[in-house]
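In what follows, a structure is listed as structure tokens, so that the remarks can point back to it.
The values are calculated or read from the model by the stated rules, or taken from the named source; none is laboratory data. Keep in mind it's a predicted model, so treat the numbers as computed, not measured. As a convention, Cβ positions derive from the backbone with ideal geometry for all residues, glycine included, and neighbour counts pool all protein chains shown. What goes into the accessible areas is simple: the full protein's heavy atoms, side chains included, and nothing from ligands, DNA or RNA. Shrake-Rupley method; radii C 1.70, N 1.55, O 1.52, S 1.80 Å.
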Amino acid sequence: MTPLPESERVLIFDFGSQYGQLIARRVREQNVFCQIVRHDLSAARVAELKPRGLIFSGGPASVYAPGAPKCDPAVFDLGIPVLGICYGMQLACQILGGEVKPSAAREFGRAHCRVTDADGLFVGVPKDTVVWMSHGDQVQTVNGEFLPLAATDTCPVAAVRHRTRPVYGLQFHPEVSHTPQGGLILKNFLQQVCGCQGLWRMESFIERTVNDLRQRIGTHRVICGLSGGVDSSVTAALLVRAIGPQVACIFVDNGLLRQDESAEVERTFRDNFHADLHVVDARERFLKALAGVTDPQEKRRIIGHVFIDVFKDEARHIENARFLAQGTLYPDVIESGASVDGPAATIKTHHNVGGLPKDLGFDLIEPLKDLFKDEVRRVGLELGLPEPTVWRHPFPGPGLAVRCLGEVTAARLETLRQADAILLEELAQAGWYRQTAQAFAVLLPVQSVGVMGDGRTYENVIALRAVQTDDFMTADWSHLPYELLAQISTRIINCVSGVNRVVYDISSKPPATIEWE
Ligand code: XMP
């Protein structure tokens, strides 16, 4: 029998590092399943989870500071390999008998590292290699318990191995791209030290999840809210694969969608997947509720409420529905502090409009809650979702309402939708769509003067926004080629009636946000 991918589970102990998720990403890239857990997870719980290895993250504290996060020292007695990174290394060394001291100066940035012992972690790593340092304290001496494996000019113990236990430490950060051999070092830890084969594959994830879903759902029905975005589309596609017509997909057309979005969802889910798709035409209901409203937060509040009402009305028609499926991803789970074994840094401040309340009376199914976004995309492609769906930019729950500055009317939405469609089409054609994280048009609430023949016109202004970002918390504006901007502008002004001016937004976040409202 093939072993389960989870039999190669690696736990990442979170000591407050800004890089916890990055470590997890790097481990997953080696096809090893990993989870971020609390730094003080008990040794008994660790033993139950049967991980192949533990990685202690870095963290901002000094191991000597009062209240500095510690691990249960008994985890070292489980015989499970440990890799401590930065603070994690200092803590491991301190607990197991090394000496940690503040360094003369905080070290931050690139350093040249000389490998003195290539066994284990450094197999295949050049003797001289560049690493990324970011620390105040450092391990000073290793007191006979540990062997130094590498050094830099300022850090005599840049890497260590315990003499008798499978415990390793790195003073530098292998998870960041500034440590070019970092991926290899982590791979060595996972393969050479922990003995992982790399069993975590999207094909096996699908097979296993489909089986689990079938078992859990039995003969009941599941409701799945479809938004047209990647996460909900992949969730729906997985459920269709698992239980076919037992899943009812609800897609609410709120009239605030991008061009052809509703038709595309129908094509994919009804025509290709033969799903039980319920498209609710609620365009009028939303428009009515938004009439005369210009305040952005008020728009969000109204849209959120109407959405829940419309969704509930439709869900009532689905008999024998016991479960509600949601496209929650692993970063949402860790960021909201809801993971089984504890919170990592809580930084997410996203507006959760378009979401559903917890108390709808259904049991929740979240089949993607162990996956990162790029893994979700791989699952989507594997399940046969079309590329444009899999690579679609994120779209806010309140949709075009927060891009139609000022009052939201059917006519203004149509102007915006047409301009937006031209922008997206041109970006795709020029090969820029995938190079931007989000790109959209905004309809401004001002009229600008123009000239048409002999007369003056007062018409609408469209702002274009395109950004690069990894996490949507900070973002830079995309440096689109001038020719491309010119082409987009010309097409919008020629083809979208009522628009006589196009401007490009060159603000970064912060201080600007990605959306205009
Ligand atoms: P900002 O504008 O805050 O946007 O820089 C960051 C990300 O969040 C999205 N966004 C929203 N998503 N409901 C959502 O579901 C909202 O009300 C909302 N407002 C902004 C935005 O599109 C970007 O991806």
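Within region 426-459, the set of residues being farther than 15 Å from GLN487 by Cα, modelled with pLDDT of 95 or more and among the hydrophobic types (A, V, I, L, M, F, W, C) comprises ALA437, ALA439, PHE440, VAL442, LEU443, LEU444, VAL446, VAL449.
Evaluate the following for ALA345: is it at pLDDT below 95, open to solvent by less than 80 Å² (accessible area, probe 1.4 Å) and farther than 22 Å from PRO396 by Cβ? Reasoning before the result, please.
Numbers: at pLDDT below 95: yes; open to solvent by less than 80 Å² (accessible area, probe 1.4 Å): yes; farther than 22 Å from PRO396 by Cβ: yes.
In short, yes.
This table checks each residue for (1) open to solvent by less than 60 Å² (accessible area, probe 1.4 Å); (2) within 22 Å of VAL193 (Cβ to Cβ); (3) of a type in the set (Ser, Thr, Tyr); (4) in a loop (DSSP other than H, G, I, E, B).
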| site | (1), (2), (3), (4) |
| --- | --- |
| GLY58 | yes, yes, no, yes |
| PRO69 | yes, no, no, yes |
| PHE76 | yes, yes, no, no |
| SER103 | yes, no, yes, no |
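Contact map, region 368-391: first residue in contact (Cβ under 8 Å) with a residue 24 or more places away in the chain, second residue charged (D, E, K, R) and part of a loop (DSSP other than H, G, I, E, B), Cβ cut-off under 9 Å, separation 6 or more or different chains; pairs are TRP391/ARG434. Identify all residues within region 310-340 that are part of a loop (DSSP other than H, G, I, E, B) and at pLDDT 50 or above; write none if there are none. Answer for region 310-340, where residues must be part of a loop (DSSP other than H, G, I, E, B) and at pLDDT 50 or above: HIS317, ILE318, GLU319, ASN320, GLN326, GLY327, THR328, LEU329, SER336, GLY337.
Quick one: is ALA248 assigned to a helix (DSSP H, G or I) and in contact (Cβ under 8 Å) with a residue 12 or more places away in the chain? So ALA248 does not fit the description; no. Against the conditions (1) among the β-branched types (Val, Ile, Thr); (2) within 19 Å of LEU257 (Cβ to Cβ); (3) without any contact (Cβ under 8 Å) to a residue 12 or more places away in the chain, VAL451 satisfies every one except (2). Candidates in region 400-418 are the residues that are assigned to a loop (DSSP other than H, G, I, E, B) and open to solvent by less than 10 Å² (accessible area, probe 1.4 Å); of these, the one that is farthest from THR436 (Cα to Cα) is VAL408.
When the residues of region 384-399 are narrowed to those that are within 16 Å of the ligand (Cβ to nearest atom) and of a type outside the set (Lys, Arg), which ends up surrounded by the fewest Cβ atoms within 10 Å (Cβ to Cβ)?
Taking region 384-399 first, the residues within 16 Å of the ligand (Cβ to nearest atom) are 391-399.
Remaining after also requiring of a type outside the set (Lys, Arg): 391, 393-399.
Numbers: TRP391: 15, HIS393: 18, PRO394: 12, PHE395: 20, PRO396: 21, GLY397: 20, PRO398: 26, GLY399: 24.
Across region 384-399, the extreme among qualifying residues is PRO394.
Taking region 463-499 as the range and being over 31 Å from the mean Cα position of the chain (by Cα) and either at pLDDT below 95 or among the hydrophobic types (A, V, I, L, M, F, W, C) (or both) as the test, the residues that pass are ALA486, ILE492, ILE493, CYS495, VAL496, VAL499.
For every residue, the table says whether it meets (1) within 16 Å of the ligand (Cβ to nearest atom); (2) at pLDDT below 95.
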position: GLY354; (1), (2): yes, yes
position: GLY361; (1), (2): no, yes
position: GLU382; (1), (2): no, no
position: ARG403; (1), (2): yes, no
position: THR415; (1), (2): no, no
